[in-house]
Amino acid sequence: MSTINQSGWRPTTPEKGESAGETFTGNRALMLDEALIFEIGSNETTGVDFAEVPAATSRLGKLARTAPINLPGLSEPETVRHYTRLSRQNYAIDLGLFPLGSCTMKHNPRLNERMARLPGFADVHPLQPVDTVQGAFEVIHQLAHWLVTLTGMHSVAMSPKAGAHGELCGILAIRAALDAKGQQARKVILVPESAHGTNPATAAFAGFTVEDIPATAEGRVNLDALKARLGPDIAGVMITNPNTCGLFEPDLKAISDAVHAAGGYVYCDGANFNAIVGRVRPGDLGVDAMHINLHKTFSTPHGGGGPGSGPVVFSEALTPYAPLPFVEKQGDQFVLVEEETAGEHHAGSFGRMVAFHGQMGMFTRALTYILSHGADGLRQVAEDSVLNANYVLRAMEDVLDAPFAKSGPCMHEAIFSDKGLAEGFSTLDIAKGLIDEGYHPMTVYFPLVVHGAMLVEPTETESKATLDQFIGAFCSVAARAKNGEPALKSAPHFAPRRRLDETLAARKPILAYKDTPKAQAAE
Ligand SMILES: *Cc1c(COP(=O)(O)O)cnc(C)c1O
């Protein structure tokens, strides 16, 4: 267990059998260990000189604080170093390959960043008068045009702020369309077994009942089972294409035709659009609503690197129910269509997803990406992402069980199972072993249809040399798991933290440092 020395540093005690020596600081060469900010700072000190506050009577009454809130006081250099050290413990797409399946961790081109930082885009305020932000609206309008064109759909709602938020937007539009037709009895949404967890969560959140559609042995939607379940209680289906086994759903058009004939709508989870952009237009497959993750297909930064953005494209049938606001071109002016200006044409709109218009910074990046690639470049994005995934699949299929390798080529991601690992060894051990090799692990235990799934999405932005190095590491760790090498069970050995009790952390998270034993709060 860790102890704190006087300077606040925490020397680590190597565990038995571990070869690395102990250092006074706990640092390993340039990999600096870092204590919690509460351990470094103290509420007795402050990094700023404030003048003594003159005595005043509080007007807060009973709401006045009675005890200090124990914020750690640090100087500016101490603060900068704390967060810089922590940032070095992060893995990032700018450090190396990030093979997280279904997440599309691709390079974020620097050109996008330059465009997003132009003051006319970066410094606008959502409540600025419309005639002062015509350029920003033109960006939104142009991006909307390309998203509609690339997907072969009718319209797009730009405001949703993530893939899951886009799903909610699409499903709310389906609900509004059914309500407008007086079809409140359609309460069931069918979702394939291999669906992303957000799909059933979205449908349930919007008040629908969720039912599973089984998968075929080849990892695709079972069309006959789906058709057999259609009827007057079915609101629609949510299908991911390409699906989360990394496979194209060739029956999607047949599925759409059957669902439409039965009076339902087709939601397509388009998070994996990067595998088919420029090659397939979901509108041609009968899709009614689909979200596009700008932070996946169109390379805008994910999560901590910037907010997501999940525009939703709609078919003609669902367009009247799309959310407000949206940007429209009237003459040579861009206008914002809102509740007050929507008029009868948009009277069916189910409302708003967000307070304003969406993620301006992400729109600018995504449009830059689209324009700098062009039609041929975008098609090549899809082709190269599929090529890279198949390269990994074929390199690894003799090393790890690849359950769908016989179904033919995969799309943008390759899937493996834990079949054939030594007794007592699991997918988790391979993931932890990859951390020691300097890689963020692939997606593990998802999708659920594959036992001990390992889902690898290399993306098109990796070179053959980078893929070869990753494959070498992946093969090596997989071989250790097949041979039952004991040291792998306690990997990672070289990471700043070892194996954490993830269940305890999820079930009983300690979110406040106060009164908590230091090591417990940290580990
Ligand atoms: C990423 C993803 C989502 C959710 O997108 P977020 O932007 O993370 O909310 C939904 N479905 C699939 C298949 C995904 O890969």
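Solvent exposure of the chain amounts to 49 Å² per residue of accessible area, where only protein heavy atoms count and the probe is 1.4 Å. All Cα-Cα separations within segment 436-516 were binned at 10 Å from zero, giving a P(r) of 13, 35, 35, 14, 4, 0, each value a whole percent of the pairs.
Each label point was placed 7 Å from the Cα along the Cα-to-Cβ direction; for residue 253 and residue 205 their separation is 3.4 nm.
Here the dipole of the chain is about 660 debye; that uses its Cα centre as origin and unit charges on the Cβ of Lys and Arg (positive) and Asp and Glu (negative). Approximating the spin labels as points 7 Å out from Cα along Cα→Cβ, the residue 110-to-residue 86 distance works out to 2.7 nm. Simple spin-label estimate for residue 76 and residue 187 gives 6.2 nm between the two label positions (7 Å along the Cα-to-Cβ direction from each Cα). Taking amide H as placed 1.01 Å from N in the peptide plane, the amide H of residue 155 sits under 5 Å from that of 314, each at least 5 places away or on another chain.
Rounded to the nearest Hz, the phi-derived 3J(HN,Hα) couplings of segment 280-291 under the Karplus curve 6.51 cos²θ - 1.76 cosθ + 1.60 (θ = phi - 60°) are 10, 10, x, x, 6, 9, x, 6, 9, 8, 8, 8, where x marks glycine and proline.
If packing is taken as the average number of other Cβ atoms within 10 Å across a peptide's residues, how do 454-465, 320-331, 106-117 rank, most packed first?
Values: 454-465: 20.9, 320-331: 18.2, 106-117: 16.4.
With the highest mean Cβ count within 10 Å placed first, the list reads 454-465, 320-331, 106-117.
log10 I(q)/I(0), Debye, Cα-only segment 351-490, no solvent, q = 0.11, 0.15, 0.19 Å⁻¹? Values returned for q = 0.11, 0.15, 0.19 Å⁻¹ are -0.51, -0.79, -1.05. How much of the pair distance distribution for segment 308-399 lies past 23 Å, counting alpha-carbon pairs only, in percent? Of the Cα pairs, 50 percent sit more than 23 Å apart. Rounded to 0.05, the FRET efficiency of the residue 379 and residue 55 pair, given R0 = 60 Å and the Cβ-Cβ distance, is 0.25. Would you please classify the overall shape of segment 64-145 from the alpha carbon gyration tensor, given that a ≥ b ≥ c denote the square roots of the eigenvalues, rounded means a/c under 1.5, and beyond that prolate means a/b larger than b/c while oblate covers the rest? Since a/c reaches 1.5 but b/c is at least a/b, the shape of segment 64-145 is classed as oblate.
Taking packing as the residue-averaged number of other Cβ atoms within 10 angstrom, the listed peptides 433-442, 356-365 run from highest to lowest as 356-365, 433-442. For the pair residue 338 and residue 281, a Förster radius of 25 Å applied to the C-beta separation gives a FRET efficiency near 0.25, rounded to the nearest 0.05.
Between segment 379-443 and segment 173-249, the C-alpha centres lie 27 angstrom from each other. Close amide H contacts of residue 290 (hydrogens built in the peptide plane, cut-off under 5 Å, sequence separation of 5 or more or a different chain): 268, 313.
What the phi angles of segment 55-66 give under the Karplus curve with 6.51, -1.76 and 1.60, with θ = phi - 60°, is a coupling list of 4, 9, 8, 7, 9, 7, x, 5, 7, 5, 5, 9 Hz, glycine and proline written as x.
For segment 192-292, the alpha carbon positions stretch 36, 27, 26 Å along the principal axes, listed from largest to smallest. Between residue 122 and residue 476, the C-beta separation translates, for a Förster distance of 35 Å, into a calculated FRET efficiency of about 0.20. Where the centre of each part is set by its Cα atoms, how far does segment 483-501 sit from segment 259-318, in angstrom? If we compute the Cα centre of each part, the gap is 39 Å.
For every other residue with a beta carbon closer than 14 angstrom to the beta carbon of residue 334, add +1 if it is Lys or Arg and -1 if Asp or Glu, then tell me the sum. Kindly include the intermediate steps, with their values, before the conclusion.
Numbers: positive: 329; negative: 131, 138, 328, 332, 338.
Within the 14 Å Cβ shell, the charges total -4.
Placing +1 on the Cβ of every Lys and Arg and -1 on the Cβ of every Asp and Glu, with no other charges, gives segment 36-151 a dipole of roughly 320 debye about its Cα centre.
Within the same chain, aspartates and glutamates fewer than 8 places from residue 329 are excluded, and of the rest, those with a Cα less than 15 Å from its Cα are 131, 138, 338. Multiplying each eigenvalue of the alpha-carbon gyration tensor of the chain by 5 and taking the square root yields semi-axes of 41, 34, 23 Å, largest first, rounded to whole angstroms.
Over all directions, average the projected area of the Cα convex hull of segment 440-480 and note it in nm². Show your work: numbers first, answer last.
On the way: hull surface 13.7 nm².
Across all orientations, segment 440-480 yields a mean hull projection of 3.4 nm².
Database remark: amide H of residue 161 closer than 5 angstrom to the amide H of 166, 310 (H placed geometrically; neighbours at sequence offset of 5 or more, or on other chains; Pro and chain starts carry no H).
For segment 209-249, compute Rh as the Kirkwood radius over C-alpha pairs and then the Stokes-Einstein diffusion coefficient at 10 °C and 1.306 mPa s; write the answer in µm²/s, rounded to an integer.
This corresponds to a translational diffusion coefficient of 143 µm²/s.
Compare the peptides 122-130, 271-279 by average per-residue count of other Cβ atoms within 10 angstrom and give them in order, highest first. Spell out each step's value before the answer.
Working: 122-130: 11.0, 271-279: 23.9.
Ranking, from highest mean packing down: 271-279, 122-130.
Dividing the summed -39500 (n - 2.57) terms of all DSSP H runs of n ≥ 4 by the residue count of the chain sets its mean residue ellipticity at 222 nm at -10000 deg cm²/dmol. Cross-link check: pairs 296/406; 106/419; 432/482; 106/253; 181/253 evaluated at a Cα-Cα cut-off of 20 Å; pairs beyond the cut-off: 296/406; 106/419; 106/253; 181/253.
Once the convex hull of the C-alpha atoms of segment 124-217 is built, how many Å³ does it hold per residue, rounded to a whole number? Intermediate results must be reported in sequence, preceding the final value.
Details: hull volume 14.9 nm³, N = 94.
Output value, Cα hull per residue: 159 Å³.
The values are calculated or read from the model by the stated rules, or taken from the named source; none is laboratory data. Please read all numbers here as calculations on a predicted model, not as lab measurements. Cβ: placed from backbone, ideal geometry, glycine included. Neighbour counts: every protein chain shown. Side chains included, ligands, DNA and RNA excluded: accessible areas come from the protein's heavy atoms. Shrake-Rupley method; radii C 1.70, N 1.55, O 1.52, S 1.80 Å.
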